[in-house]
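The values are calculated or read from the model by the stated rules, or taken from the named source; none is laboratory data. Please read all numbers here as calculations on a predicted model, not as lab measurements. Cβ placement follows ideal geometry from the backbone for every residue including glycine, while neighbour counts extend to all protein chains displayed. Each accessible area value is taken on the protein alone, full model and side chains, heavy atoms only, with ligands, DNA and RNA left out. Shrake-Rupley method; radii C 1.70, N 1.55, O 1.52, S 1.80 Å.
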Amino acid sequence: MSIFGYLRKRNEPSASIAKERLQIIISHERAQRNTPDYLPKLQEEILAVIAKYIPIDRDQVVVSLDRANGNSAVLELNITMPEEALATTEEPKEKANA
Amino acid sequence: MANIIVVTSGKGGVGKTTSSAAISSALAMRGHKTAVIDFDIGLRNLDLIMGCERRVVYDFVNVINGDATLKQALVKDKRLPNLFILPASQTRDKDALTLEGVERVIDELSKTFDYIVCDSPAGIEAGAMMAMHFADHAIIVTNPEVSSVRDSDRILGILASKTKRAIDGRSPIKEHLLLTRYDPERVMKGDMLSVDDVQDILAIPLIGIIPESASVLKASNTGTPVVLDDNSDAGIAYQDAIARFLGEERPMRFVNAERKGILRRLFSKNKEGMTA
């Protein structure tokens with residue numbers, strides 16, 4: 001960190017750091033607040049099913065429930081496929097031997 | 001029908017019991033028949049703050065279990081004829097409160113009282129959930145400090161989803177922010193969240209700012225709710241807060257630090273030095 005950055009950091013009032021940190025964590029927690037209790041378990045089970053076929057990481061699956069206008073809600077499932085997974089579907093034998 | 005007010009915060013030590021004592025006393029001072037219930041089962045303390053600890057015979061759990069009538073358990077305040085205290089039980093049984101039992105007590109109190117103030121325990125366990133369950137109003141006691149503000153926001157979420165009004169789909173509980181232990185001098189120095197900061201984050205109407213004050217400890221030492229002390233800044237701030245709660249317009253006090261002249265500055269420095 002440059003000396004100027006260091007000085008600026010020291011001069012920033014601690015209350016504004018507190019406010020910034022609070023705004024970030026609270027907006028994050030509010031987003032999670034309105035999700036049903038079963039959502040984490042649902043995510044876990046979907047992850048287990050996908051893992052049976054594709055080697056995949058925990059954080060590559062995102063399940064979220066967004067309330068649309070009115071009485072409906074949208075369950076969004078976002079899976080980032082790893083590149084190896086796509087490669088194996090093209091040349092399964094070679095990959096298996098490697 | 002009585003108005004049911006829960007005094008809650010999530011975090012402990014922010015001043016819920018002090019505020020419950022002050023709020024219920026202020027309502028009674030203004031002529032409203034008020035009952036204040038201590039929901040902190042196992043850690044009864046409201047009686048001490050209200051100065052009636054030696055007159056407690058029966059408690060909240062005794063009434064729920066039918067071991068005593070409500071009339072027997074309510075402790076009448078010695079100073080204010082309109083004020084009654086229902087003390088918490090000192091039992092260690094975690095399941096001593098039941099929702100049905102609490103509802104029965106609140107229903108019975110509703111017949112004769114104007115206001116029922118529920119002093120919530122800290123946390124989000126059964127006692128806190130029951131204290132807020134039947135509420136019409138929630139007074140959220142918050143300190144200008146990160147953990148208190150975060151917990152208050154969490155409590156706001158629970159109020160909006162887990163209480164009777166939310167479950168029944170009625171109009172939501174009215175939320176009121178009470179900022180306590182406020183130190184305008186430290187706010188000016190930038191070392192403490194300001195009232196505007198806290199309001200920006202929590203986004204609920206403010207009913208009062210209670211300054212950090214030596215008179216609060218003095219009041220609890222003697223068992224006199226601080227609101228009865230007309231010479232105390234905190235006491236005056238609580239009176240203002242309740243006036244606003246009841247719909248009066250009053251300008252906020254104790255927001256800015258009083259300007260000290262150089263002589264007073266020197267004087268107060270000396271005083272600090274002497275006590276240290």
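Every test in (1) over 25 Å from B:Gly235 (Cα atoms); (2) touching a residue at least 60 places away in the same chain (Cβ under 8 Å) is passed by B:Ser171 save one, and that test is (2). Restricting attention to region B:212-259, the residues being open to solvent by less than 30 Å² (accessible area, probe 1.4 Å), part of a loop (DSSP other than H, G, I, E, B) and more than 17 Å from B:Asn143 (Cβ to Cβ) number 4. Only residues that are free of Cβ contacts under 8 Å to residues at least 40 places away in the same chain and within 18 Å of B:Ser232 (Cβ to Cβ) were counted across region B:174-207, and they come to 2. For the residues B:Val7, B:Val61, B:Val36, the requirement of being surrounded by fewer than 24 Cβ atoms within 10 Å (Cβ to Cβ) and not in a loop (DSSP other than H, G, I, E, B) singles out B:Val61. Within region B:197-211, being on the phi < 0 side of the Ramachandran plot and either over 16 Å from the mean Cα position of the chain (by Cα) or open to solvent by 20 Å² or more (accessible area, probe 1.4 Å) (or both) holds for B:Asp197, B:Val198, B:Gln199, B:Asp200, B:Ile201, B:Leu202, B:Ile204, B:Pro205, B:Leu206.
Step by step: first the residues of region B:166-184, then only those that are surrounded by 15 or more Cβ atoms within 10 Å (Cβ to Cβ) and not hydrophobic (A, V, I, L, M, F, W, C), then the one that is farthest from B:Val146 (Cα to Cα). Which residue is that?
So in region B:166-184, the residues surrounded by 15 or more Cβ atoms within 10 Å (Cβ to Cβ) come out as B:166, B:173-184.
Retained after the next criterion (residues that are not hydrophobic (A, V, I, L, M, F, W, C)): B:174-176, B:180-184.
Details: B:Lys174: 23, B:Glu175: 20, B:His176: 19, B:Thr180: 13, B:Arg181: 13, B:Tyr182: 13, B:Asp183: 15, B:Pro184: 17 Å.
This residue is B:Lys174.
Every residue, every condition in (1) at pLDDT below 75; (2) more than 14 Å from chain B (Cβ to nearest Cβ); (3) within 25 Å of B:Gln199 (Cα to Cα), yes or no:
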site	(1), (2), (3)
A:Leu7	yes, yes, no
A:Arg10	yes, no, no
A:Pro13	no, no, yes
A:Ser16	no, no, yes
A:Ile25	no, no, yes
A:Arg30	no, no, yes
A:Lys41	no, yes, no
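The set of residues in region B:148-165 being more than 12 Å from chain A (Cβ to nearest Cβ) and either open to solvent by 30 Å² or more (accessible area, probe 1.4 Å) or among the aliphatic types (A, V, I, L, M) (or both) consists of B:Lys164, B:Arg165. Within region B:13-33, the residues that satisfy the criterion of being within 19 Å of B:Ile106 (Cβ to Cβ) and surrounded by fewer than 19 Cβ atoms within 10 Å (Cβ to Cβ) are B:His32, B:Lys33.
Going by what's in this entry, would B:Ser194 be described as at negative phi and either open to solvent by 70 Å² or more (accessible area, probe 1.4 Å) or within 12 Å of another protein chain (Cβ to nearest Cβ) (or both)? Yes, satisfied.
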